[in-house]
Amino acid sequence: MKKLHIIVAVFLALFLLLFMRLVQLQMIGHGKLALLALENAAKTVPEPAPRGVIYDRYDRVLVESRPIFAVRVLPYVLAGETSEKRKDVLEELGRMLNEKIELKVKASEPLLVKENISLETAVRIAEKARDLPGVVVTSQPVRLYPHGDLAAHLLGYVGEIEAKELDELRGQGYRLGDIIGKDGVEKTYDKLVRGVDGGKKVEVDVYGTPLRILESLEPRPGPDMTLTIDLGLQQEAEKLLAQREGAVIVMSARTGEILAMASYPNYDPNIFSDPLLNYKWQDYKKQKHPFMNRALAHYPPGSIFKIITLAAALEEGKASWDEIIDCRGYYRVNNRIAKCWLEGGHGPISVREGLVWSCDVVFYELGKRLGPDLIAKYAEKFGLGRRSGIDLPQEKRGNVPDAKWKKRNLGEEWYDGDSINYGIGQGWVQVTPLQMTVAYTAVATGNIFRPYVVKEIKDSAGEIIYQGKAKIVNKLDLSPETIELIRGALHDVVDRATGVSVRFSGVTAAGKTGTAENPGKAHAWFICYAPYEHPEVVIAAFVAHGEHGDTASAHLARDMLKWYKENRLTGEYEVPPYAGQYILQKEKFKVPYGRKKEQEQKPQETTPAPEQTEMPLEFL
């Protein structure tokens, strides 16, 4: 009797377990199991959606999508055929595509055999569909960049998602095989310009044979994007850069919109979607980092940094604008002799005139008086040492060193020799062309903008789903007197000093030349804003190893301004008659620059130059 009770108890326990499992399957897990059953009985043939069109600010197409044909094999259909039939299908398909095909027919999803096939080949395969079970021709969109390498770093390119990217984005709706943005606005705004894929869901039997179409979804194109870029201005910038390593930026002084951004070496984004362009890879391998956006990379600034040194000296009371410093062409600090770029020297000039003529001796002295921490403090006020926040990848922070930075990174104390280098924008300070564009915009307007390149994004119904807006990050934290003095000095740079070539653009402008020492030939800079009275644009021209900012970069900026005046300038501005280049000594006497250049050419130029003959203003 006792054994019977044990047997009954065991059976009851087993029955209870089976009942609980049945409840779990039928009630709790019904939805999940039904979905799995549907997935086993139905296979999806995907149809990718095209990405949105990208336009310039005047609605001219910069990027679009074009359809291409692709061949796919449905392994679950091919698996239902005999091994001999499968072999015949793959061999015939290989002959039509002119390549050998080897596939694992046990795969559960459609397999891509070849994409970007010709229309003629696509039609031939479609006509033989009955003889090629499991082979389908599909249409899919690929990116087309009609202007080739124009604005390549800004626009970016697309490619198939990689394993690392998939791990990061899987929870955001991305799948294996998806095409995503890899650089430029294609990457930054990938989620917004992607379309919604379509396709056909086909019911299959246990052998994988298609029975009926359960669902057919048309792909929905992605939203269209309008940039702040001006196509005409961009074309001019790239033409004038003329395949020289460097960058050109044109930014609106009123909003922070990027109107043009050119970088060279560059690349053609079409190489990622058109196999016929594969030959270009060999050319790119010979170039120096063609995928690097030099507008966002960092370099030593040289003399364009001097506006920051001057601002710090004036604001901290380390100098007055009219203090006279005698430049004899060299500066002594301890046992070191540091030379001015003008070997004969500028003579006795004011601190303000030191900026006008970019006198190294003046800024050696100011750098020594300030020291690293004060220079770093004011560099940060101009937005240096941090990213500007532009809506593009690749932006570098640059470097604004101070005494702690040197101790931490080099294990050394800061010396006066380091300070005089810092004062002229050399040493360990690093900036990007975009950072300096933002800094000079701050001088022109008093505002530190967050630059941006996307104006708006609209869905298929015309509704704006993203709106780019001007954003003032900070006001330039300087006294009005200091800002006005720097503006006036920059105007004189263009009117009568090292930036004089820019005055012949026909637009009033204020700017600064820069020649930054670097291993090999020096880098050439020029940054200006125009018109001087009511700034509309800020132009930064950087030519790596261009040697002289007053020629290589200033001439580029001059020609950009000429184009802007002829095509975009909103008002009329009269440029005063040209009075020649001259140095204002002691704030009283004009010394023609040509006369000093003649003195530099004398044999005794290696010795300290004598003081210049002072010429009263009324005689010039």
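The values are calculated or read from the model by the stated rules, or taken from the named source; none is laboratory data. This one's a predicted model, so the numbers in the text were calculated from it and none came from an experiment. For neighbour counting, all protein chains shown are included, and Cβ atoms are generated from backbone atoms with ideal geometry for every residue, glycine included. To get the accessible areas, we keep the full protein, side chains included, count just its heavy atoms, and leave off ligands, DNA and RNA. Shrake-Rupley method; radii C 1.70, N 1.55, O 1.52, S 1.80 Å.
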Sorting D402, D230, D167 by accessible area (1.4 Å probe), largest first, what list results?
D167, D402, D230
What do you reckon, how do K406, K187 stack up by accessible area (1.4 Å probe), largest on top?
K187, K406
Can you give the accessible area per residue of the stretch 307-416, in Å², using a 1.4 Å probe?
42
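Could you rank R51, R386, R57, R175 by how accessible they are, 1.4 Å probe, largest area first?
Result of the area sort, largest leading: R175, R386, R57, R51.
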Quick one: what are the phi-derived ³J(HN,Hα) couplings along the stretch 350-355, Karplus 6.51/-1.76/1.60 with θ = phi - 60°, whole Hz, x for glycine and proline?
6, 4, 4, 5, x, 6
Given backbone amide H placed at 1.01 Å from N, residues whose amide H is under 5 Å from that of V158, ignoring those fewer than 5 places away on the same chain, are K182
Karplus-derived 3J(HN,Hα) from phi for the stretch 134-146 (6.51 cos²θ - 1.76 cosθ + 1.60, θ = phi - 60°), whole Hz, x at Gly and Pro, runs x, 9, 10, 9, 10, 9, 9, x, 10, 6, 10, 10, x
Near the amide H of Y330, under 5 Å away, which other amide H atoms are found, from residues 5 or more places off or on another chain, if H is placed in the peptide plane?
C340
So what's the gap between the Cα centers of the stretch 374-439 and the stretch 177-195, to the nearest angstrom?
32
Summing +1 per Lys or Arg and -1 per Asp or Glu among the other residues with Cβ less than 11 Å from N421's Cβ gives -2
Quick one: 3J(HN,Hα) in Hz for the stretch 221-230, Karplus 6.51/-1.76/1.60 with θ = phi - 60°, rounded, Gly and Pro as x.
x, x, x, 8, 10, 10, 9, 7, 5, 9
Taking the Cα centre of each part, how many Å lie between the stretch 442-470 and the stretch 219-259?
14
By average C-beta atoms within 10 angstrom, highest first, the peptides 236-245, 388-397, 366-375, 122-131:
366-375, 388-397, 236-245, 122-131
Restricting the stretch 523-588 to chymotrypsin sites (Phe, Trp or Tyr not before Pro) in coil, as DSSP defines it, with at most 14 other Cβ within 10 Å:
Y578
The stretch 68-97 versus the stretch 304-338: alpha-carbon centroid distance in Å:
78
Please list the non-local residues whose amide H lies under 5 Å from the amide H of L214, H modeled 1.01 Å from N, same-chain partners needing a gap of 5 or more.
K201, V202, E203
